[in-house]
Structure formats: structure tokens, C-alpha cells
1. Given the structure, is Pro100 touching a residue at least 12 places away in the same chain (Cβ under 8 Å), open to solvent by 50 Å² or more (accessible area, probe 1.4 Å) and closer than 16 Å to Val124 by Cβ?
2. Within the stretch 15-26, is even one residue buried (at least 19 other Cβ atoms within 10 Å of the Cβ), within 21 Å of Ala128 (Cβ to Cβ) and touching a Gly at 6+ places or on another chain (Cβ under 8 Å)?
3. Looking at (1) open to solvent by less than 50 Å² (accessible area, probe 1.4 Å); (2) modelled with pLDDT under 95, find the lone condition where Leu40 falls short.
4. Report whether or not Pro92 is surrounded by fewer than 22 Cβ atoms within 10 Å (Cβ to Cβ), assigned to a loop (DSSP other than H, G, I, E, B) and at pLDDT 85 or above.
5. Out of the residues in the stretch 43-83 that are farther than 19 Å from Val11 by Cβ and of a type in the set (A, V, I, L, M, F, W, C), state the one that is surrounded by the fewest Cβ atoms within 10 Å (Cβ to Cβ).
6. May I ask you to say which residue of Gly71, Gly110, Gly27, Gly62 is in contact with an Asp or Glu (Cβ under 7 Å, 6 or more places away or on another chain), more than 16 Å from Ser126 (Cα to Cα) and in contact (Cβ under 8 Å) with a residue 12 or more places away in the chain?
Amino acid sequence: IGYHPTVGGTVYVGTFEGGLFRTSDGGSTWVTLNTGLTDLNIGAIAVSHTNPSTLIVATAGGGVLRSTDAGLSWSVVLAVASRVLFADPRMPGVMLSGAPNQLYVSTNDGAAWSVIGQPLSESVASIAIDPERDGGYLIATSAQALRPNTTNGVLESVNANLPPKTVHQLLAHP
């Protein structure tokens, strides 16, 4: 689910087999936004905080796609399967994408992406703001919680006392 940051009632919903839908009236009516999507298995949606017409969707098989016209057309911007997206509300234009065994960052609203840190042994499950580090992130993989080192960007474990379980979601309290 994604929402328009300034227009109430505008919500985007991605489905596992039906693609992407938008409502502009709080859910009374829905419009399909699948034209140009290469995969209708939507795992995540991010809406730009600086330009709400820019949408990013993560798909299981079609990669990460970007629309600059509120979902009317799409182009592939990262050719890796992804299930996790995060648009940083603190830093305009910054988005993160979690893919199997790798974390990516964009500093231009998803137009281009680069790798963050080393390859991971697990898939990224969730991304959240790190409340202890200004501009930092917490990354949950299927087996651990990580944060990028502020000096060299290497991902370090933050789950020394976390029982060995599968991590599905991460939420940090400010």
C-alpha cells in the first residue's frame, strides 16, 4: 500500500496477481494502473515525497519499475526481483529497495539505483529508519537485523540478543 503524501484519499494498492490499483476517493472507486507493467505481482509500492506523480513498484519477476505520470506508464529501472521498497521521508528523492541478497539505494526518486554494502546471505524483508543514527536505516533480512556502518557502509548485525527466528517486518520507534 502506498499513499499520496499531500492529497487525502489517494491510495495505491498492489496485488499479487492483479497489478496496481489507485483510488482518489478513499476507496469508493478504483482504477487499474497496469499499462506497461511487466509483472502484475506487486510486492511493494513507494510514492515520491517530492513529486507524488513518481511511483515505484517492486515486482517478483519484472524488477523495479518507475512511473513519472502517477502510474499511467511504466519503465524498468532496476532489473532485479524485489519485494521491499522504502521512500525516506527525511531525505527528498532517497529510496531503498531490498532484493534477494542485496540492498539498493536511489537518490533521484528511483531513476537510477546503486548497491549498498556487501551481498547478503538472506533476502531483505523490511527497511525502517534507524532512530539512533541521523540518516541511518535498519534492514531486516529473513534471519537478522542489520544497519549500515556510518564509516564504510558495511552492514553490521544489530540482533545480538534476538532469538534465531525468521524476521518478516521491522519497525523502529523514534
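1. Numbers: touching a residue at least 12 places away in the same chain (Cβ under 8 Å): yes; open to solvent by 50 Å² or more (accessible area, probe 1.4 Å): yes; closer than 16 Å to Val124 by Cβ: yes.
So Pro100 fits the description; yes.
2. no
3. The single condition Leu40 does not satisfy is (1).
4. Values: surrounded by fewer than 22 Cβ atoms within 10 Å (Cβ to Cβ): yes; assigned to a loop (DSSP other than H, G, I, E, B): yes; at pLDDT 85 or above: yes.
So Pro92 fits the description; yes.
5. Ala79
6. Working: Gly71 fails: in contact with an Asp or Glu (Cβ under 7 Å, 6 or more places away or on another chain); Gly110 fails: in contact with an Asp or Glu (Cβ under 7 Å, 6 or more places away or on another chain); Gly27 fails: in contact with an Asp or Glu (Cβ under 7 Å, 6 or more places away or on another chain).
Being in contact with an Asp or Glu (Cβ under 7 Å, 6 or more places away or on another chain), more than 16 Å from Ser126 (Cα to Cα) and in contact (Cβ under 8 Å) with a residue 12 or more places away in the chain holds for just one of Gly71, Gly110, Gly27, Gly62, which is Gly62.
The values are calculated or read from the model by the stated rules, or taken from the named source; none is laboratory data. The structure presented is a predicted model; accordingly, all values stated were derived computationally and were not measured. All Cβ positions, even for glycine, are placed from backbone atoms using ideal geometry, and neighbour counts span all protein chains on display. Heavy atoms of the whole protein, side chains included, go into the accessibility calculation; ligands, DNA and RNA do not. Shrake-Rupley method; radii C 1.70, N 1.55, O 1.52, S 1.80 Å.
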